[in-house]
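S.K.: Below: one structure in structure tokens.
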Amino acid sequence: MVAWPNGAAIHSSPIPRMAFNLKKVLKALLYSSSQPLSIKDIQGVFERFHRAPAAPPPAEPAPGAAPPESAEVPAESPDSPDLYEEVPSLVTAAQIREAMAEIAAELAAADDGLVLVDGANGYRVATQPRFARWLRILREEPPPVKLSQSSVETLAVVAYRQPVTRAEIESVRGVSADAGIAKLLERELITVVGRADLPGRPIQYGTTDAFLEFVGVKALDELPASDVLSSRQIDEWLKGDTGGHTPNDADMGLDENELPLESAAPPAPEHHPVETAP
């Protein structure tokens with residue numbers, strides 16, 4: 001910037017910006033959609049926008065003729081250049097994420113009870129958890145029932161060992177898994193994913209998209225690594241509900257070279273006879 005004697009200043013030319021406002025369009029899509037919107041869904045909207053034929057201009061009435069009573073009016077307002085002019089044919093994933101981050105920040109700053117959720121299936125606008133009681137009253141729904149410790153442990157085994165059968169779950173936990181599996185199926189946190197290639201073709205279970213939202217991740221590879229827990233922590237975690245059964249290395253899928261669940265007992269001290277002087 002160069003100052004001039006009369007106090008005026010010369011600024012560098014501003015960077016030209018396109019008239020199209022991506023953030024406004026994304027807000028409209030989010031508020032009008034009943035399902036989460038993935039990046040591919042949003043990019044598909046822009047592709048269809050350019051494939052759709054442009055609305056023809058309204059026909060001019062003939063001189064002296066009365067305009068038709070039911071004249072069609074274009075749905076899009078012609079004075080909305082930030083919505084319909086210079087629309088890019090391709091919006092990159094980075095541009096969408098950047099705009100979504102700005103929308104999320106605006107919703108958080110407004111503190112109006114709405115939040116942008118970036119879930120496993122895409123983006124969606126939801127109410128903040130602190131308004132849950134009001135929503136339950138509106139829908140006349142009972143309060144949610146928390147998962148029992150047994151169900152949580154069963155869910156953890158399924159999440160880290162899927163696809164997994166009921167017998168495999170019970171071999172890890174040491175107790176019957178029927179009640180836990182039934183509760184998790186009812187809550188739609190797990191589902192049947194197939195049958196094992198074993199005698200009897202037992203059913204195999206895996207987690208669902210609802211599980212990802214339940215734990216707040218977008219993909220299974222975002223779960224904390226199971227090796228962040230020490231063998232003793234895993235042992236103590238399972239011991240409380242296994243009736244005293246202590247899982248061994250094979251139960252937990254550990255290699256033989258890894259630290260066993262039970263610390264090896266220290267070797268007994270050697271006793272040497274003490275010779276006494278005659």
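The values are calculated or read from the model by the stated rules, or taken from the named source; none is laboratory data. None of these values were measured; they are calculated from a predicted model. Because the Cβ atoms are built from the backbone with ideal geometry, glycine has one as well, and the counts that use them run over all protein chains shown.
S.K.: Residues in the range 212-224: is at least one part of a loop (DSSP other than H, G, I, E, B), within 21 Å of the chain's Cα centre (by Cα), modelled with pLDDT of 85 or more and among the β-branched types (V, I, T)?
M.R.: No, the range 212-224 contains no residue that is part of a loop (DSSP other than H, G, I, E, B), within 21 Å of the chain's Cα centre (by Cα), modelled with pLDDT of 85 or more and among the β-branched types (V, I, T).
S.K.: Still on this structure, please answer the following. Could you list, in sequence order, the residues of the range 75-133 that are among the hydroxyl-bearing types (S, T, Y) and surrounded by 13 or more Cβ atoms within 10 Å (Cβ to Cβ)? Break it down into steps so the answer makes sense when it comes.
M.R.: Restricting attention to the range 75-133, the residues satisfying the condition of being among the hydroxyl-bearing types (S, T, Y) are 77, 80, 84, 89, 92, 123, 127.
Correct list: Y84, Y123, T127.
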